[in-house]
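Structure first, then comments.
Please treat every number below as a calculation from the coordinates, not as lab data. Computed from a prediction, not measured in an experiment: that's the story for all the values here. Backbone-built Cβ (ideal geometry, glycine too); neighbour counts: all protein chains shown.
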Amino acid sequence: MSQDFNYQLSEHLPFKDAEACKKARAIKREDITNSPSESLSIRVIEDDTAFRFAYIMDIVAGIKRALDEGRKKYVLILPAPNPYYAFLAKMINDLNIPCHHVHTYNMDEYADEQGRTAPKTWKGGFQYWMYHDLFDRIRPELRMPESQIHFPSDKTVNDYSRMIEDMGGADVCYGGIGWCGHIAFYEPHLGEPYVGKVDEYLELGSRIVDLHPITVCQNSLYADAGSAGDWSWVPPKAATIGPHDLKNSKLVSFWNGFGAGESMWQRFITRLSLHGPITPLVPASLLQLMQSEVILSGAVAADCSSLTSERRVAIDI
C-alpha cells in the first residue's frame with residue numbers, strides 16, 4: 001500500500017494481514033528460491049517452453065522409473081487438465097511405455113449448486129478434457145486400465161481420500177497454487193474454523209465445497225470458458241481432495257506457470273504462500289510443512305512490481 005493512502009483489505013478476502021502481504025509483494029526474483037523450510041524446495045525455469053517440457057518429462061520419468069523398478073503400482077494425483085497432457089500421451093506412445101502400473105486420481109471436478117458433479121460428457125468439466133487430452137490418446141495396449149483412472153464425484157467424494165490412502169498415498173501429487181491460495185479446490189474460506197489449528201486442518205479430506213469468488217474469476221480466464229472472463233460459465237461448487245491427501249503424498253510437486261496472461265497473477269500468491277505465514281487462510285502455505293517442491297516459470301518468478309515500478313509513458317494525441 002502507498003504510504004499516503006492506507007486502507008483495510010476487502011472483507012471478502014479470508015486473509016487480511018496487510019503487513020504479510022506487503023512483505024510477500026516485496027520479495028525479489030533473486031530471493032524467491034530461498035526456501036523458508038527444509039522440506040520445501042523452490043526453483044525457476046525461465047523459458048516458458050522449457051518449463052512446459054520439464055513438467056511433462058517429470059511425469060513421464062516417474063512413470064518409467066517406477067516401471068523399471070518393477071513396482072506394482074505408481075499412484076499419481078493429477079491437477080486440472082491442460083492441453084500439454086497431449087504431449088504426455090504422445091511421449092508415452094512414442095517411447096512405448098506401458099502404464100498398467102499407473103493409478104491416477106484427479107484432484108477435483110466441478111459440481112452444481114446441489115453438489116452434483118459434472119458428467120464426463122460436459123465440455124467444461126475436468127473429466128471430459130482429461131480423457132480428450134490424455135487418457136484417450138494413449139494407445140490401448142499401453143493405457144492404464146479404466147478401473148485405475150479416478151475422479152472425485154458426488155458418489156465417491158466421501159470415500160475419495162480413503163481410496164487414495166488405501167493405495168499408500170500418492171507417490172506424487174501434482175498441482176499448482178490458485179489465485180486465492182487454494183490447493184486443488186480446497187478454498188481459503190474453508191480454513192477459517194482452523195486458524196491456529198493447523199494439525200487439525202491437515203487431517204481434512206475430500207468433500208464438496210463452495211468455490212471462492214476469486215477462483216470463479218480465475219477459472220473464467222481459461223480456455224474452458226473461452227478465455228473470455230465469462231464467470232457465468234464456472235459452476236458454483238466442486239468435489240475436491242483435501243489437505244490430508246497432500247500431506248500423505250510422498251512428494252507434492254506444484255508447477256506455477258500455466259494459465260492466462262502467462263500466469264503473472266501467480267506472482268503475488270506464490271510469494272505469499274511460500275514465504276508468508278503458515279495459515280489455513282492461505283491453504284498453499286501448508287506446502288512449507290510438507291515434502292514438497294514448487295517449480296516456477298520465469299513469468300511467475302519475476303518481481304511483482306516489474307510491471308508497475310515505472311509509470312507508463314503518456315502518449316500525446
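For Ala80, indicate whether it is closer than 30 Å to Pro235 by Cα and of a type in the set (A, V, I, L, M).
The answer is yes for Ala80.
On the basis of being exposed (fewer than 13 other Cβ atoms within 10 Å of the Cβ), more than 18 Å from Ala301 (Cα to Cα), among the charged types (D, E, K, R) and within 23 Å of the chain's Cα centre (by Cα), does Glu19 make the cut? I'd like the intermediate steps shown before the answer.
On the way: exposed (fewer than 13 other Cβ atoms within 10 Å of the Cβ): yes; more than 18 Å from Ala301 (Cα to Cα): yes; among the charged types (D, E, K, R): yes; within 23 Å of the chain's Cα centre (by Cα): no.
No; evaluated as a whole, the condition is false for this residue.
If you check Tyr174 against the conditions, is it in a helix (DSSP H, G or I), under 27 Å from Ala66 (Cβ atoms) and aromatic (Phe, Trp, Tyr)?
no
On the given criteria, is Tyr174 under 23 Å from Thr104 (Cα atoms) and not small (Gly, Ala, Ser)? Before the answer, list the steps.
Numbers: under 23 Å from Thr104 (Cα atoms): yes; not small (Gly, Ala, Ser): yes.
For Tyr174, the condition - under 23 Å from Thr104 (Cα atoms) and not small (Gly, Ala, Ser) - is met.
Within region 120-172, which residues are among the acidic types (Asp, Glu) and either free of Cβ contacts under 8 Å to residues at least 60 places away in the same chain or crowded, with 18+ Cβ neighbours inside 10 Å (or both)?
Hits for region 120-172 are Asp133, Asp136, Glu141, Glu146, Asp159, Asp166, Asp171.
Considering only region 93-107, how many residues are closer than 13 Å to Met144 by Cα and either aromatic (Phe, Trp, Tyr) or touching a strand residue (DSSP E or B) at 6+ places or on another chain (Cβ under 8 Å) (or both)?
Residues in region 93-107 being closer than 13 Å to Met144 by Cα and either aromatic (Phe, Trp, Tyr) or touching a strand residue (DSSP E or B) at 6+ places or on another chain (Cβ under 8 Å) (or both): 5 in total.
In region 199-210, what residues are assigned to a loop (DSSP other than H, G, I, E, B) and crowded, with 23+ Cβ neighbours inside 10 Å?
Matches in region 199-210: Ser206 only.
Inside region 151-171, can you point out the residues that are of a type in the set (Asp, Glu) and within 16 Å of Gln127 (Cβ to Cβ)?
Across region 151-171, the qualifying residue is only Asp154.
Limited to region 177-198, what total is found for residues that are assigned to a helix (DSSP H, G or I) and among the aliphatic types (A, V, I, L, M)?
Residues meeting the conditions: 2.
Within region 77-108, track down each residue that is among the small types (Gly, Ala, Ser) and surrounded by fewer than 18 Cβ atoms within 10 Å (Cβ to Cβ). Show your work before the answer.
Taking region 77-108 first, the residues among the small types (Gly, Ala, Ser) are 80, 86, 89.
Ala86 - this is the single residue of region 77-108 that is among the small types (Gly, Ala, Ser) and surrounded by fewer than 18 Cβ atoms within 10 Å (Cβ to Cβ).
Consider only pairs whose beta carbons are under 8 Å apart and that are at least six residues apart or on different chains; among these, list those whose first residue lies in region 174-198 and is surrounded by fewer than 18 Cβ atoms within 10 Å (Cβ to Cβ) and whose second residue is in a helix (DSSP H, G or I).
Val198/Leu286; Val198/Leu289
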